[in-house]
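Q: Next up is a structure, given as structure tokens.
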Amino acid sequence: MINISLKRFAWLVHPLALLPLALLAVDTALDNLSVNFIQDITERTGIPALVLLVLSIACTPLNTVFGWKWAVALRKPLGLYAFLYVCLHLLTFTALDYGLDWGAIATEVGEKRYILVGTAAFLLLVPLALTSNKAAMRRLGKNWKRLHLLVYAIVPLAVLHYLWLSKDPRPALLFGAATGVLLLLRLPVLRRAFSALRKPGASVDRQKTDTAM
Amino acid sequence: MNARRRTWPQIAASEITPEHIYRSRRQFLRAAGASIGAGLLVACAPSDGSSAAPTPAADATSRLPYGVGTVDELGKAANSFEQITTYNNYYEFSTGKEEVHTLASGFKTEPWTVAVDGLVGKPQSFDIDDLRTMFDQEERVYRLRCVEGWSMVIPWQGFALSKLLKAVEPSAAAKFVRFESVSRPEEMPGQNDIFSFQWPYVEALRLDEAMNDLALVVTGLYGKPLPAQNGAPLRLALPWKYGFKSAKAIVKITLTAEQPATFWTTANAAEYGFYGNVNPDVDHPRWSQRSERRIGELSRQRTLMFNGYESSVAALYQGMDLAVNY
């Protein structure tokens, strides 16, 4: 019952994911950003990217724990919206902040560990974004799923990026804790346990049929 | 030493604040912000990332009447009163730079006394009102470089720290000066954060650094009394050092023989050294020290050794390895 009622709201993922961008645009146009507005734009594209990434790996556990099969279909939009914010974040860093001075940018990437892991997370995210369509899934077959397991490296890298750039580590540690719990819920032993608990006789394998997006 | 750098003609407060310049800057920012917003929405790279930058500073400078102290000695326009008073670090209130302005609004700066003690011939307690009149007040336009990679140009008023120190007659054994900031958790929410730092805020200088002419005790900003969020009623301005060295809301100054432990060396010695000199060659794990973002400008600029005050302070550090003594 709860399944059906929640599924009706799944479309909200689109307006909600775009809301931070809309608010940022409004605040920029109305001059509500701080005097260090490049910093604001950097933060307000980075945080949504991280939130959406963490949410994208929450979908499968939501199915595992609560049996919300519809949540699995949200992985694609959440991942792609995250990629949108990551691109804007990177564009802010390279173009707005560093004026496309590639020498200076390369120095920063090599010197600052938080930029290094952030760049790594971005580079790993690119192939996932490029293959988030049915044609790529067909072409890659079994490898598609293997490729998309990269998200379990990307999210910890993104959390590490946030942790290493923060002067107060606590928010990043919360993201880290959430990521840790979500990764634990991927463990086969826990998945089976939850599955058995929720619906005796239900098979974890059934989820596999839902991966098509 | 260049006298122009430090001392400006005494002028009326009303002459100091060219409000039209703040307004034109805010308009520039808004226009820039709006175009950036539009650029983001269509996900295209703003091509004016670096080329648009010189306009606000250049405009403001050219419009300034000669002699008004709102450019620094490099010709860079001072930041607006609004920029200076709405964006700064003050951990006693918050780790956020935009929150300080609001959180500090109820902070009581009167009455206030500053005790000067330790290895001095004449330990004394000064009332803030006396300090404002005891020494010649000067206007100094200083660059402020935050360790976080942003910077401002700020017209401070105050008096040379050396004058205060001479008044208490440092003894021969005195080698360091320790500055202690106020502890008032009931008015300063940041001091209630039990997981973060050891309060009160403490900063320190070598005595010869403190006696340098550039070291300023600040009591005013833009010809007005120093606002609470900027460290009222009494703070330091040490323009060749990162901002965190310039302690705010000082209640106690102690001369010592040993190098004092400071707030930041205690909290994170790997990232913050005792000296905190602006140095583009000494890296920080989170922030670029090679370049900086001048508030109100679009493109980054190179960070200068000792924040551009090398001729005044380099002699203090002769023979020292600044990569070790950061």
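Q: Among the candidates A:Leu84, A:Leu33, A:Leu80, single out the residue that is out of contact with any Phe, Trp or Tyr (no Cβ under 8 Å at 6 or more places or on another chain) and not in a helix (DSSP H, G or I).
A: A:Leu33
Q: Shifting gears a bit: Look at B:Glu148 and say whether it is surrounded by fewer than 23 Cβ atoms within 10 Å (Cβ to Cβ), within 19 Å of the chain's Cα centre (by Cα) and over 19 Å from B:Tyr222 (Cβ atoms).
A: yes
Q: Hey, another quick one. Go over the candidates A:Tyr152, A:Tyr162, A:Tyr114, A:Tyr98 one by one and state the one that is under 20 Å from B:Arg293 (Cβ atoms) and under 22 Å from the mean Cα position of the chain (by Cα).
A: From the options A:Tyr152, A:Tyr162, A:Tyr114, A:Tyr98, the qualifying one is A:Tyr114.
Q: Give just the number: which of (1) in a loop (DSSP other than H, G, I, E, B); (2) more than 28 Å from B:Ser80 (Cβ to Cβ); (3) of a type in the set (D, E, K, R); (4) at pLDDT 95 or above does B:Asp213 not satisfy?
A: (2)
Q: Farther than 15 Å from B:Ala104 by Cβ and at pLDDT 95 or above: does that describe B:Ala249?
A: no
Q: Looking at A:Asp27, A:Asp31, which is the one that is within 14 Å of another protein chain (Cβ to nearest Cβ) and farther than 21 Å from A:Leu90 by Cα?
A: A:Asp31
Q: Name, by its number, the condition in (1) surrounded by fewer than 20 Cβ atoms within 10 Å (Cβ to Cβ); (2) within 19 Å of the chain's Cα centre (by Cα) that does not hold for B:Lys175.
A: All conditions are met except number (2).
Q: On to the next question. With the condition kept exactly as written, say whether any residue in segment A:88-111 is β-branched (Val, Ile, Thr) and either in contact with a strand residue (DSSP E or B) (Cβ under 9 Å, 6 or more places away or on another chain) or within 20 Å of A:Ala172 (Cα to Cα) (or both).
A: no
Q: Return the pair list, or none, for Cβ contacts closer than 8 Å from residues in segment A:79-99 that are under 18 Å from B:Leu298 (Cβ atoms) to residues that are in a helix (DSSP H, G or I) and of a type in the set (Asp, Glu), at least 6 apart or on different chains.
A: As it stands, the answer is A:Tyr98/A:Glu108, since those pairs meet every condition given.
Q: Just the residues that are of a type outside the set (A, V, I, L, M) and within 10 Å of chain B (Cβ to nearest Cβ), please, taken from segment A:68-93.
A: A:Cys87, A:Thr92
Q: Would you mind stating whether A:Val159 is under 28 Å from A:Phe37 (Cα atoms) and more than 14 Å from chain B (Cβ to nearest Cβ)?
A: yes
Q: In segment A:32-47, what residues are surrounded by fewer than 22 Cβ atoms within 10 Å (Cβ to Cβ), of a type in the set (Ser, Thr, Tyr) and touching a residue at least 24 places away in the same chain (Cβ under 8 Å)?
A: A:Thr42
Q: A follow-up question, please. Here is a list: A:Ala136, A:Ala129. Which entry is in contact (Cβ under 8 Å) with a residue 40 or more places away in the chain, more than 17 Å from A:Val159 (Cβ to Cβ), surrounded by fewer than 18 Cβ atoms within 10 Å (Cβ to Cβ) and not charged (D, E, K, R)?
A: On inspection, the qualifying residue turns out to be A:Ala129.
Q: Hey, another quick one. If you go through segment B:164-171 one residue at a time, do you hit one that is assigned to a loop (DSSP other than H, G, I, E, B), aliphatic (A, V, I, L, M) and surrounded by 20 or more Cβ atoms within 10 Å (Cβ to Cβ)?
A: Taking every residue of segment B:164-171 in turn, none turns out to be assigned to a loop (DSSP other than H, G, I, E, B), aliphatic (A, V, I, L, M) and surrounded by 20 or more Cβ atoms within 10 Å (Cβ to Cβ).
Q: Is it the case, given these coordinates, that B:Asp136 is modelled with pLDDT of 95 or more and either more than 22 Å from B:Gly308 (Cβ to Cβ) or among the hydrophobic types (A, V, I, L, M, F, W, C) (or both)?
A: So B:Asp136 fails the test.
Q: Still on this model: Going by the structure shown, is B:Phe159 in contact with a strand residue (DSSP E or B) (Cβ under 7 Å, 6 or more places away or on another chain) and either outside any loop (DSSP other than H, G, I, E, B) or away from every other protein chain (no Cβ under 14 Å) (or both)?
A: Yes, satisfied.
Q: Right, another one. Please go through segment A:94-137 and give me each residue that is within 8 Å of another protein chain (Cβ to nearest Cβ), at negative phi and not in a helix (DSSP H, G or I), ordered by number.
A: Of everything in segment A:94-137, those that are within 8 Å of another protein chain (Cβ to nearest Cβ), at negative phi and not in a helix (DSSP H, G or I) turn out to be A:Tyr98, A:Asp101, A:Lys112.
Q: Now, a different point. Pick from B:Tyr222, B:Tyr272, B:Tyr242: which is in contact with a Pro (Cβ under 8 Å, 6 or more places away or on another chain), crowded, with 18+ Cβ neighbours inside 10 Å and either at pLDDT below 95 or within 30 Å of A:Ile115 (Cβ to Cβ) (or both)?
A: Result of the check over B:Tyr222, B:Tyr272, B:Tyr242: B:Tyr222.
Q: Residue check, A:Leu174 against (1) part of a helix (DSSP H, G or I); (2) more than 26 Å from B:Ser94 (Cβ to Cβ), all met but one. Which one?
A: (2)
Q: Would you please name the residue that is nearest to the other protein chains (Cβ to nearest Cβ), looking only at residues in segment B:297-307 that are assigned to a loop (DSSP other than H, G, I, E, B) and either crowded, with 19+ Cβ neighbours inside 10 Å or small (Gly, Ala, Ser) (or both)?
A: Here the answer is B:Ser299.
Q: In addition: Return the residue satisfying two criteria in turn: it lies in segment B:311-321 and is without any contact (Cβ under 8 Å) to a residue 60 or more places away in the chain and under 21 Å from B:Asp213 (Cβ atoms), and of such residues it is farthest from the other protein chains (Cβ to nearest Cβ).
A: Per the criteria, the residue is B:Ala315.
Q: Could you please tell me which pairs satisfy a Cβ distance under 7 Å, a separation of 6+ or placement on different chains, a first residue in segment B:109-122 that is on the phi > 0 side of the Ramachandran plot and in a strand (DSSP E or B), and a second residue that is β-branched (Val, Ile, Thr) and surrounded by 14 or more Cβ atoms within 10 Å (Cβ to Cβ)?
A: B:Gly118/B:Thr254; B:Gly118/B:Thr256
Q: Same structure, new question: Out of (1) within 25 Å of A:Met137 (Cβ to Cβ); (2) in contact with a Leu (Cβ under 9 Å, 6 or more places away or on another chain); (3) surrounded by fewer than 22 Cβ atoms within 10 Å (Cβ to Cβ); (4) at pLDDT 95 or above, the odd one out for A:Trp70 is which?
A: Against the list (1) within 25 Å of A:Met137 (Cβ to Cβ); (2) in contact with a Leu (Cβ under 9 Å, 6 or more places away or on another chain); (3) surrounded by fewer than 22 Cβ atoms within 10 Å (Cβ to Cβ); (4) at pLDDT 95 or above, A:Trp70 comes up short only on (4).
Q: Which of (1) away from every other protein chain (no Cβ under 14 Å); (2) part of a loop (DSSP other than H, G, I, E, B); (3) at pLDDT below 95 is the odd one out, the single condition B:Gly96 does not satisfy?
A: (1)
The values are calculated or read from the model by the stated rules, or taken from the named source; none is laboratory data. Predicted model only: the values in this text are computed from it and were never measured. Cβ atoms come from the backbone with ideal geometry, glycine included; neighbour counts cover every protein chain shown.
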